[in-house]
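I have placed the structure first, in the form of structure tokens, so that the comments after it can refer back to it.
The values are calculated or read from the model by the stated rules, or taken from the named source; none is laboratory data. Small disclaimer: the values here were computed from a predicted structure and weren't measured. Cβ placement follows ideal geometry from the backbone for every residue including glycine, while neighbour counts extend to all protein chains displayed.
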């Protein structure tokens, strides 16, 4: 359950930074580095989330499964 909360929180933070990057890009017209900073944080959070999921799979906390078809 704790892992699911971390994943949902990370996804929310990723979406927030994506929206912040869009907002800064539209409002500031590239005048500051806030757009780049927001998008860089988004990339960092995405990589951290992928590594966290890989760690959870390696430790057996979550079990990957295929799609039945």
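When the residues of segment 4-18 are filtered to those that are surrounded by fewer than 14 Cβ atoms within 10 Å (Cβ to Cβ) and under 11 Å from residue 45 (Cα atoms), which remaining residue is nearest to the chain's Cα centre (by Cα)? Result: 11. Please find, within segment 26-47, the residue that is modelled with the lowest pLDDT out of those that are loosely packed, with under 14 Cβ neighbours inside 10 Å and under 18 Å from the mean Cα position of the chain (by Cα). Step by step, filter segment 26-47, then rank; the result is 36. Return yes when residue 1 is surrounded by 13 or more Cβ atoms within 10 Å (Cβ to Cβ) and more than 18 Å from the chain's Cα centre (by Cα) and no when it is not. Considered against the rule, which asks whether it is surrounded by 13 or more Cβ atoms within 10 Å (Cβ to Cβ) and more than 18 Å from the chain's Cα centre (by Cα), residue 1 comes out as no. Among the residues of segment 15-63, those identified as touching a helix residue (DSSP H, G or I) at 6+ places or on another chain (Cβ under 6 Å) and assigned to a loop (DSSP other than H, G, I, E, B) are 61, 62. Among the residues of segment 48-64, the ones that are surrounded by 10 or more Cβ atoms within 10 Å (Cβ to Cβ) and more than 30 Å from residue 26 (Cα to Cα) come to 9 in all.
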